[in-house]
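Everything below concerns the one structure shown next.
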Amino acid sequence: MVLKGQDVGWAEAVVIKLVVVWLACGGFHDSCLKINCDKTSVIHSFWKGHSQNPACNESLSRITTNLTARNLSIVPTYVQSAIIKADPLSWGLLGTADCKDYIRGLVLM
């Protein structure tokens, strides 16, 4: 079920939020890190500090809270979708048979 504002831009903002949480849990602090993103609207919203999408604004707020608490900063940078190595997974292209079996095993856990 998709709630109001939970579109692909919101999903990309959530991914950035997850990356920031992962970095924070991994002990990163006092650093500036580059994060690749293929959604210019999310990048612009981050730099402006707000979006017209309320769900995206909630993610931006949580990103900022996590960054501030650990003295982290990020530089969301645009890259073409074709360059992002994880994109084939989001398209359902799982690669070799071994990789497909491994991923199916993770899903079934």
In segment 10-29, which residues are under 8 Å from the mean Cα position of the chain (by Cα) and β-branched (Val, Ile, Thr)? Val14, Val15, Ile16, Val19
Residues of segment 27-44 classified as among the aliphatic types (A, V, I, L, M) and surrounded by fewer than 12 Cβ atoms within 10 Å (Cβ to Cβ), total: 0
Scan segment 45-63 for residues that are surrounded by 11 or more Cβ atoms within 10 Å (Cβ to Cβ) and closer than 15 Å to Lys34 by Cα and jot them down. Phe46, Ile63
I'd like the residue in segment 40-67 that is among the small types (Gly, Ala, Ser), in a helix (DSSP H, G or I) and in contact with a Ser or Thr (Cβ under 8 Å, 6 or more places away or on another chain) and, out of all such residues, is farthest from Asp7 (Cα to Cα). Ser45
Leading residue by the ranking (nearest to Gly9 (Cα to Cα)) among those in segment 68-109 that are part of a loop (DSSP other than H, G, I, E, B) and either at pLDDT 90 or above or touching a strand residue (DSSP E or B) at 6+ places or on another chain (Cβ under 6 Å) (or both): Val79
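The values are calculated or read from the model by the stated rules, or taken from the named source; none is laboratory data. This one's a predicted model, so the numbers in the text were calculated from it and none came from an experiment. Positions of Cβ are generated from backbone atoms using ideal geometry, with glycine treated the same way; all protein chains shown enter the neighbour counts.
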